[in-house]
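This report concerns only the one structure given below.
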Amino acid sequence: MSSESITVHLVGDSTMADKEANERPETGWGMPFADCFDDAVTVANHARNGRSTRTFLAEGRWRPVVRQLTATDYVFVQFGHNDEVPSKEQHTTEAAFVDNLRKFVGETRERGATPVLLTSIARRHFDDDGVPKDTHREYADLTRTVARDRDVPFIDMDERTRALLAELGPAESTALYNHLEPGEHPNYPEGVADDTHFSEHGARRMAELVLDGVEELELGLAAHVES
């Protein structure tokens, strides 16, 4: 590989992850994101359904990422969906969540690579006035704090996606998420109304918002984005 080669490692949960054929048309935003760059860039999607910062580390998924990092690489870290829910087995306390984010950042930097922190993408939940609810406030704030304290490039996907939901409104925003009528797709014969995971169209919109953040941060990676 040439010295110009860049790998963007994606570390996160189901909203970012590649999807198996039996899960489609549900689409993680990392899938269209991988097609947005020139030939110098490879996107390695390590995100997995249902993972929190704690379980991603406990399952040994982080160590292989660190081992292969080089100075031209990036690590995009996006967790919170599973960390924040006390009733989930994957729950991570606020203190542990902060420690885990710091670990991702510190070990990425030790290898000379560039960490980028992202808040979780908003769930499609509106209040009675049609205003998107702030469903990730606590853990999004923790991510914001780590990014600020450690001077980490940061993309506030929670804020960006709530703005998009507000723009589209309750009805039109349905197209961003995995909503299917009964019989519409063989993988979901009884239909589905999922306000967390994305349709192919929604995943593309999410990837576009991430790319907007990359360009606003003026990361070197931005020079490799193909329109």
Straight-distance crosslink candidates among lysines, where the alpha carbon sits under 26 Å from Lys19 and sequence neighbours closer than 8 are dropped: Lys88
Carbon and sulfur %, accessible surface of the stretch 34-167 computed with the full protein complex present, 1.4 Å: 44
Residue with peak Gaussian network fluctuation, the chain [Cα springs, cutoff 10 Å], from Glu184, Glu84, Glu26: Glu184
Fraction of antiparallel bridges per DSSP, the chain only, in percent to nearest 5: 30
Accessible surface, 1.4 Å probe, highest first, among residues His81, His185: His185, His81
Span-like helix ranges in the chain, DSSP H, alpha carbon extent 15 angstrom or more, Kyte mean at least -1.0: 94-110, 157-172, 200-216
Computed log₁₀ I(q)/I(0) - Debye formula, equal Cα scatterers, no solvent, the chain, q 0.08, 0.14, 0.18 Å⁻¹: -0.28, -0.87, -1.43
Mean separation of Cα contacts under 8 Å (6+ apart) over length of the chain, as relative contact order %: 22
Highest-first arrangement of 128-138, 209-219, where packing means the average Cβ count within 10 Å: 209-219, 128-138
Å² per residue, accessible surface of the stretch 3-83 at 1.4 Å: 36
Sequence-distant lysines (8 or more away, or on other chains) whose Cα lies within less than 16 Å of Lys133: none
Dipole magnitude (debye, nearest 20) for the stretch 6-224, charges at Cβ of Lys, Arg, Asp, Glu: 920
Leading residue at positive end of dipole, the chain (Cβ point charges), from Gly191, Ala113, Met31: Ala113
Helical mean residue ellipticity (222 nm; -39500 (n - 2.57) per DSSP H run of 4+; nearest 500) of the chain: -10500 deg cm²/dmol
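The values are calculated or read from the model by the stated rules, or taken from the named source; none is laboratory data. Bear in mind the structure is a predicted one, so any value in this text is a computation, not a measurement. So basically every Cβ, Gly included, is an ideal-geometry build from the backbone, and we count neighbours across all protein chains shown. Side chains are part of the model used for accessible areas, which takes the heavy atoms of the whole protein and leaves out ligands, DNA and RNA. Shrake-Rupley method; radii C 1.70, N 1.55, O 1.52, S 1.80 Å.
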